[in-house]
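Everything below concerns the one structure shown next.
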Amino acid sequence: MKRGLLLSFLIFRCLLTAFGQQETYFYKIQEIANSEHLCTNLLIKLDSLKKTRRPNDSFVKIFFDRDVDFGFTHRRIIITLNSTHYEINLLVKQDTICYSSTLLFSEQEGNSYRDYFNKKQRKPKIDTLRALRFLSMRNGFYHSKKSLNDLSSELDMHRNYAFYCGDGLTSKQSDAVLLDSLVQRQDIHVLTNMLSSINCETQQYGVYGVNELRKKGLNIPDYINKITEYIKKRNSDLVTCAADIYPVIAKAYN
């Protein structure tokens, strides 16, 4: 009995220590990200931080760096320190950081601890003038009304552009089910809102949905046709899956 209690205590203590280290390095990463103005310098400092941890399960990599219009890119950096994952989402103009957000990251959906922690501790940094200039140009082109809050939530969003995933591609994704419903209802309003999203996966779902409505003979306004053709031509990197391999970075068009 005593040995069991001692073992339980030691396991609990180890878990508390592990969570404490996760939080400590989250704050360090967030401080670095929010103090840098250039992405080049940010990567150098993150690499220096990585070198203080175990080399076999610590790394820094750019997960994607994709075009989100008007010379701005959405850059997602993945940081792993002693097998704990973090990410930084950036809005970048050339090498200048216009938006930065640090998150404790887990590929597991519905991770309540991660979601609670990020909600409480995430402190995005925004270069307001540059971000508003970006939004002004986007809103004019997409006929939208995106705000700074929209910018933050849509850059930080995790979405998978895939209709089927899993072994044998038998598992239909929830976003694909929703899209089928929108097409069936001919909900051009929601699909148009999807086209204006700063999240590229959401935009691509919108393009697919509008194309399906076009095949059904629905009259599509000229400005929406212009937007869908632009998104196709831009052909930004998307997060998707290859059977049961996730995440994978790919383009919608060859």
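In this structure, does Ile198 turn out to be modelled with pLDDT of 95 or more, among the hydrophobic types (A, V, I, L, M, F, W, C), surrounded by 15 or more Cβ atoms within 10 Å (Cβ to Cβ) and within 25 Å of Arg122 (Cα to Cα)?
Yes: the conditions hold for Ile198.
Sort through Leu218, Leu182 and tell me the only one that's aliphatic (A, V, I, L, M) and not in a loop (DSSP other than H, G, I, E, B).
Details: Leu218 fails: not in a loop (DSSP other than H, G, I, E, B).
Only one candidate qualifies: Leu182.
Answer yes or no as to whether Asn149 is on the phi < 0 side of the Ramachandran plot and crowded, with 16+ Cβ neighbours inside 10 Å.
Judged against the criteria, Asn149 is not a match.
Which condition number in (1) among the hydroxyl-bearing types (Ser, Thr, Tyr); (2) in a helix (DSSP H, G or I); (3) closer than 23 Å to Lys145 by Cβ is the one that Ser197 fails?
Evaluating Ser197 over (1) among the hydroxyl-bearing types (Ser, Thr, Tyr); (2) in a helix (DSSP H, G or I); (3) closer than 23 Å to Lys145 by Cβ leaves (2) as the failure.
Quick grid of which residues meet (1) more than 17 Å from Phe141 (Cα to Cα); (2) touching a residue at least 12 places away in the same chain (Cβ under 8 Å); (3) out of contact with any Gly (no Cβ under 7 Å at 6 or more places or on another chain):
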residue: Leu182; (1), (2), (3): yes, yes, no
residue: Ile198; (1), (2), (3): no, yes, yes
residue: Gly206; (1), (2), (3): no, yes, yes
residue: Gly209; (1), (2), (3): yes, yes, yes
residue: Leu213; (1), (2), (3): yes, yes, yes
residue: Tyr246; (1), (2), (3): yes, yes, yes
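Could we say that Leu103 is outside the structural domain of Ile224 (by TED's automatic domain parsing) and either in a helix (DSSP H, G or I) or among the small types (Gly, Ala, Ser) (or both) here?
Criteria not met by Leu103.
Looking at Ser144, Ser153, can you tell me which residue is out of contact with any strand residue (DSSP E or B) (no Cβ under 7 Å at 6 or more places or on another chain), within 24 Å of Glu87 (Cα to Cα) and of a type in the set (Gly, Ala, Ser)?
So the residue among Ser144, Ser153 that is out of contact with any strand residue (DSSP E or B) (no Cβ under 7 Å at 6 or more places or on another chain), within 24 Å of Glu87 (Cα to Cα) and of a type in the set (Gly, Ala, Ser) is Ser153.
Using the structure shown, decide if Phe105 is in contact (Cβ under 8 Å) with a residue 24 or more places away in the chain and either more than 20 Å from Tyr27 (Cα to Cα) or surrounded by fewer than 14 Cβ atoms within 10 Å (Cβ to Cβ) (or both).
No.
For Leu16, state whether it is modelled with pLDDT under 95 and either surrounded by fewer than 18 Cβ atoms within 10 Å (Cβ to Cβ) or not in a helix (DSSP H, G or I) (or both). Step through it out loud before you land on a result.
Details: modelled with pLDDT under 95: yes; either surrounded by fewer than 18 Cβ atoms within 10 Å (Cβ to Cβ) or not in a helix (DSSP H, G or I) (or both): yes.
Judged against the criteria, Leu16 is a match.
I'd like the residue in region 116-127 that is touching a strand residue (DSSP E or B) at 6+ places or on another chain (Cβ under 9 Å) and part of a helix (DSSP H, G or I) and, out of all such residues, is nearest to Ser35 (Cα to Cα).
Filtering region 116-127 for residues touching a strand residue (DSSP E or B) at 6+ places or on another chain (Cβ under 9 Å) gives 117-118, 121-127.
Narrowing the set further to residues that are part of a helix (DSSP H, G or I) leaves 117-118, 121.
Values: Phe117: 21, Asn118: 19, Gln121: 16 Å.
So the residue we want is Gln121.
Restricting attention to region 154-168, which residues are within 8 Å of the chain's Cα centre (by Cα), at pLDDT below 95 and not in a loop (DSSP other than H, G, I, E, B)?
none
Mind listing whichever residues of region 66-91 are under 30 Å from Arg138 (Cα atoms) and either touching a Cys at 6+ places or on another chain (Cβ under 9 Å) or loosely packed, with under 14 Cβ neighbours inside 10 Å (or both)?
Arg66, Asp67, Val68, Phe70, Gly71, Phe72, His74, Arg75, Ile77, Leu90, Leu91
Could you list, in sequence order, the residues of region 212-242 that are of a type outside the set (Asp, Glu) and loosely packed, with under 14 Cβ neighbours inside 10 Å?
Those that are of a type outside the set (Asp, Glu) and loosely packed, with under 14 Cβ neighbours inside 10 Å: Lys215, Lys216, Gly217, Leu218, Asn219, Pro221, Tyr223, Asn225, Lys226, Lys232, Lys233, Ala242.
The values are calculated or read from the model by the stated rules, or taken from the named source; none is laboratory data. These numbers come from a predicted model, not from an experiment. Note that we place each Cβ from the backbone using ideal geometry, even for glycine, and neighbour counts take in every protein chain shown.
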